[in-house]
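What follows is a set of notes on a single structure, which appears directly below.
Each value in this text was obtained by applying a stated rule to the coordinates, not by laboratory testing. Treat the numbers as computed from the prediction; the structure is a model and nothing was measured. Note that each Cβ is placed from the backbone with ideal geometry, even for glycine, and that neighbours are counted across all protein chains shown.
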2 protein chains.
Amino acid sequence: MGDNIRKIAILGSTGSIGRQALDVIRAFPDKLKVVALAANKNARLLEAQLKQFQPRMFCSSAKADIDYGGEFLSMEDIASHPEVDLVIVATAGKAGLSPTLAALRAGRTVALASKEVLVMAGEIVIREASLHKAQILPIDSEHSAIWQCLQGEEDKPRRLFLTASGGPFYRYSQSQLAEVTPEQALQHPVWKMGRKVTIDSGTLMNKGLEVIEAHWLFSFPFDGIEILIHPQSIVHSLVEFMDGSLKAQLSWPDMRLPIQYALSYPRRWPNPKLPYLDWNKIDSLNFEPADYNRFPCPKLAREAGKLGGTYPAVLCAADEVAVELFLNRRISFTDIAKIVQKTLDQHQNIAKPSLEEILAADAWARECATRLSLGHYKELERRSNLRLER
Amino acid sequence: MGDNIRKIAILGSTGSIGRQALDVIRAFPDKLKVVALAANKNARLLEAQLKQFQPRMFCSSAKADIDYGGEFLSMEDIASHPEVDLVIVATAGKAGLSPTLAALRAGRTVALASKEVLVMAGEIVIREASLHKAQILPIDSEHSAIWQCLQGEEDKPRRLFLTASGGPFYRYSQSQLAEVTPEQALQHPVWKMGRKVTIDSGTLMNKGLEVIEAHWLFSFPFDGIEILIHPQSIVHSLVEFMDGSLKAQLSWPDMRLPIQYALSYPRRWPNPKLPYLDWNKIDSLNFEPADYNRFPCPKLAREAGKLGGTYPAVLCAADEVAVELFLNRRISFTDIAKIVQKTLDQHQNIAKPSLEEILAADAWARECATRLSLGHYKELERRSNLRLER
């Protein structure tokens, strides 16, 4: 084993991205080595992963259920451990925030899949990365595409185009959207993802969050970041340069590719499990600007991003609550945007917030969104009862 | 005027590429300066260009008709002149060969638009560029696209995809193709180009020549260079990397963009005359592998390229003769490929040819193609007379 093996820690190894990251690492035993795995509650899968990859360190909130001889450390200690070269942050929600900061402060490279880290605390995260000369590499397919297209370019681009499949309901009318059920919304036409991300993909909130992420990752103004509906999900994003030339990155939709690129960067490695594009199977590629009337979430996200401070954290938290309420059939699909909007409306912003203030805003937003949706739900019940009484 | 102004010589300034190059240079008076113009017979336009751009040097085969005070030099002397930083070679046919070699031997950067230079003498040209550490920058939209996509990449790609509009007749049947008239063939749906290039675009011979060019420019094996029919001409070519990721370069079809990129490289300059892509105006982008049964020219070119030696020069010369005969209504549209094929069949190849041997093969091929088509024409006449006599 040479010293040029990259030593990887995966935070969130039992999630969709974590599992695919392990699949990539498995393909390159002479280039990549897992030295730490961390997961939340899925003890059975984590234990199996630990036994297969034999990392030195691990972390789990279900420690007691795991039979493994490795060293148990906090996610922060893993992320900043001297034996780790690169930390894949693929935890759900805000759990990745503190370990990401720990990794960056220790000068570790962070391969980032958790949207919330940059959306909630972009200013702090980018400042720490810059202070400690630590790199943040995107794993999201869209940001990976933009990053790939920016390679070798010296001048700031003019616009970034984030592509969106549009989700399963992009052609639905307003009233059809109101009737969407959790079962329908969990069927994504292209990407296999976690539940939260799949719903965010249907409301286009995921693109809104990605606009905020792109703003921080590429230090790019919000007004230059646009969303293009591209149902085939072959073009993963585009960059337009000042001279009118654009570059696009394409591939079959397979998250293992952007994961692998973050691990192989700046090199590219052939991986027999990653299929090459077959032009006989591609009919046409379509593009259209997104419709923010039927899908207001990206607009809310862009506004929250522009206002900055604690607004983006509030957006994130309110969306998380609203998606959960939708999945529990407490609110409708179109209510998700309304709950987020109302929570933002009620928020008292804090400019240049500390991490504590961001987490406080997150807690406030969860409470507020829950309260709002409860009121909303009661109002719906009341109306429905009125109808029944008639 | 600072010393960082790039001093440009244009060989072929009155042609389509030459005129568009001047249009680009005009937009950047603080970055680019024309120091030499050379053209063949269009004395009136050259004189107007000389008077407008006031270059120090010029060249023309119609010297006597030009009233201009600048220094008259040969194209070779212009191309290797110490005051020239970059030579745009946009001459027709093989005229650019000797000046390109002169420029490279003097260490000048060559921005290459003339396909024939690399097709006829790729091995010599690339060897001289490498010996004298001189750069060759592509101006063809396809090769510029590939070059742009390769920026910042460390690893050799897996495949290069040259896109082709398919020309005006891509959906024609074999028998419809045989009936195509010069008038129809000169109407290209997308690009405004010279007559020869427009016909080559209809037979797809231009793609065949571009495959050979790409082979030399990017030292890439022939079998890794593929042709994709893309009728909208928005994606100008694509590069597929070893990991399955592809990059594409896109823009409105406007030759001024690749010309400008060769002049601004590695920077990108905003040019108010170059329009930005408007996604509201793009419906869909289509791609399909090319059909070499109805369009055999790319196959002929690939074979000639692979065989090497003097075959590519013979391909070029035979095609030039055949296109001219087609434009003069001596042969049919589908005869172009046949004449080229037969000329290649009769050729005695010379491996590792000298420039003289290449030029001799060119002369032989012209004579052979003319003779073949004359025989062909007589045969057609004889058959047609037989029909009339019946």
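A few comments on the model shown:
- Chain B: angle of helix B:355-389 to the longest principal axis, Cα-based, in degrees nearest 10: 40
- Distance from the stretch B:232-285 to the stretch A:105-176 (C-alpha centre basis), Å: 23
- Farthest toward positive dipole pole in the stretch A:308-390 [+1 Lys/Arg, -1 Asp/Glu at C-beta], among A:Val323, A:Ala313, A:Ala351: A:Val323
- Inter-copy label distances at B:Pro266 (7 Å, Cα→Cβ; nm, one decimal): 0.8
- Taking a ≥ b ≥ c as the square roots of the eigenvalues of the Cα gyration tensor, an a/c ratio of 1.5 or more together with a/b larger than b/c marks the stretch A:138-255 as prolate.
- Under 5 Å, built H, 5+ apart or other chain: amide partners of B:Asp243: A:Trp269
- For A:149-155, mean number of other protein chain Cβ atoms within 10 Å: 6
- Alpha carbon Rg of the protein assembly as shown, scaled by the compact-globule rule 2.2 N^0.38 Å: 1.12
- Three-way shape label, the stretch B:308-390, alpha-carbon gyration tensor, a/c 1.5: prolate
- Seen against the Cα atoms of chain B and their longest principal axis, helix B:43-53 is set at about 30 degrees.
- Using alpha-carbon coordinates, inclination of helix B:297-307 to the longest axis of chain B, degrees: 70
- Restricting the trypsin sites (Lys or Arg not before Pro) of the stretch B:125-229 to loop positions (DSSP other than H, G, I, E, B) with no more than 15 neighbouring Cβ atoms within 10 Å leaves B:Lys133, B:Arg171, B:Lys192.
- Counted over the stretch B:128-277, the DSSP beta bridges are approximately 65% antiparallel.
- The largest-to-smallest principal axis extents of the Cα set in chain A are 77, 54, 41 Å.
- Distance (nanometres) between label positions extended 7 Å along Cα→Cβ at B:Lys41 and B:Arg383: 3.3
- Proximity of backbone amide H atoms, modeled 1.01 Å from N, is registered between B:Ala111 and B:Val87, B:Ile88, B:Val89, B:Leu137 at under 5 Å, excluding neighbours fewer than 5 places apart on the same chain.
- Peptide packing for A:273-285, B:8-20 was compared via the average number of neighbouring C-beta atoms within 10 Å per residue; ordered from the highest value, the list is B:8-20, A:273-285.
- Dipole magnitude (debye, nearest 20) for the stretch A:6-139, charges at Cβ of Lys, Arg, Asp, Glu: 220
- For A:Asn349, inter-copy label distances in nm, listed shortest first [label point 7 Å out on the Cα-Cβ vector]: 7.0
- Other protein chain C-beta atoms within 10 Å of residue C-beta, averaged over B:261-270: 4.
- Estimated vicinal HN-Hα couplings, Hz - the stretch B:107-112 in sequence order (Karplus 6.51, -1.76, 1.60; Gly, Pro = x): x, 6, 7, 10, 9, 9
- Taking a straight Cα-Cα cut-off under 16 Å and skipping sequence neighbours fewer than 8 places away in the same chain, the aspartates and glutamates within cross-link reach of A:Lys41 are A:Asp65, A:Asp67.
- Exam field: B:Leu186 pseudo-label spacings to other copies (7 Å along Cα-Cβ), nanometres: 6.6
- Count Lys and Arg as plus one, Asp and Glu as minus one, and take only other residues whose Cβ is under 11 Å from that of B:Arg56; the net charge is then 0.
- Averaged over peptide B:277-290, the number of partner chain Cβ atoms lying within 10 Å of each residue's Cβ comes to 5.
- Cβ-defined net charge surrounding A:Ala106, 12 Å radius [Lys, Arg +1; Asp, Glu -1]: -2
- C-alpha center-to-center spacing [the stretch B:361-382, the stretch B:1-76] in angstrom: 38
- Cross-linked pairs A:Lys31/A:Lys273; B:Lys299/B:Lys352; A:Lys94/A:Lys299; A:Lys207/A:Lys247; B:Lys7/B:Lys352; A:Lys156/A:Lys196: Cα-Cα separations exceed 26 Å for B:Lys7/B:Lys352; A:Lys156/A:Lys196.
- Per-residue Karplus couplings for the stretch A:83-97, computed as 6.51 cos²θ - 1.76 cosθ + 1.60 with θ equal to phi - 60°, are listed in order as 8, 9, 8, 9, 10, 8, 9, 10, 6, 8, x, 7, 4, x, 4 Hz, Gly and Pro entered as x.
- Modelled FRET efficiency - R0 51 Å, A:Lys31 with B:Gln54, Cβ distances, 0.05 increments: 0.30
- Helical contribution to [θ] at 222 nm, DSSP H n ≥ 4, -39,500 (n - 2.57), averaged over chain B, rounded to 500: -14000 deg cm²/dmol
- About the Cα centre, charge dipole magnitude for chain B (Lys/Arg +1, Asp/Glu -1 at Cβ), debye: 580
- What you get for the stretch A:1-63, charging only the Cβ of Lys and Arg (+1) and of Asp and Glu (-1), is a dipole of about 140 debye around the Cα centre.
- Between B:Arg105 and A:Arg6, the C-beta separation translates, for a Förster distance of 35 Å, into a calculated FRET efficiency of about 0.20.
- Of all chain B C-beta atoms, the nearest to the rotation axis linking B with A is recorded, alongside its rounded Å distance, as B:Gly152, 1.
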